[in-house]
Structure formats: C-alpha cells, structure tokens
Amino acid sequence: MTKKRNRSRPALSLQERLNKFTEDARAAAKNMPAGAERHALLQKIRDGEAAADMERLLSSPAPHDTK
C-alpha cells in the first residue's frame, strides 16, 4: 500500500510570503553592521523583490493580440 502525501496549502499567497520575507529581512539588515553577511542579506532582499515582480507579472491577465 502506498502512503498518501499530506498536501496542504500555505496560509499566505506567494506574493504575501515574498513581501513578508523582504520586510523581515530588511528589518534584520538595518541592525547588522556593514560586512559580507549584510551584503548577502541585501542581495536576498533584491532577489525576493525581483521574484515578487515576476510573480505579479505572470499572474496578471495576459494582453490579447488584436491580429
């Protein structure tokens, strides 16, 4: 007998999770001294913002061709 996977939906949407991550990471970066760790965290924030932008573009209605 195969085991059934426990599939559950996340409580927040992807957009909301990305926004929360960037807000939390930005708050953490404010308290960090300048250095490699802070730089890496700021890069993750930029990546999270880019992912949120891509997700927003991909989930928006597609433009219709008028040909």
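All of the numbers you see were taken from the coordinates with simple rules; none came from a lab. Quick caveat, the model's predicted, so the values are computed rather than measured. Cβ atoms come from the backbone with ideal geometry, glycine included; neighbour counts cover every protein chain shown.
I'd like the Karplus ³J(HN,Hα) series for the stretch 20-32: coefficients 6.51, -1.76, 1.60, θ = phi - 60°, whole numbers in Hz, and an x wherever there's a Gly or Pro.
Whole-Hz 3J(HN,Hα) from phi for the stretch 20-32: 5, 4, 5, 5, 5, 5, 5, 5, 5, 5, 4, 8, 9.
Which residues does the label zone of Ala28 cover in the stretch 37-54, counting backbone N under 11 Å from a point 7 Å along Cα→Cβ?
38, 41-42, 44-45
Looking at the calculated P(r) for the chain, what percent of the C-alpha pair distances fall above 20 Å?
When all Cα pairs of the chain are counted, 51 percent exceed 20 Å.
On C-alpha positions alone, give me the angle between the axis of helix 36-59 and the longest principal axis of the chain, in degrees, nearest 10.
20
Arg56 to His39: extension gain in nm, 0.36 nm per residue of separation minus the Cα-Cα distance?
Details: separation 17, 0.36 × 17 = 6.12 nm, distance 2.58 nm.
Full-extension gain reported as 3.5 nm.
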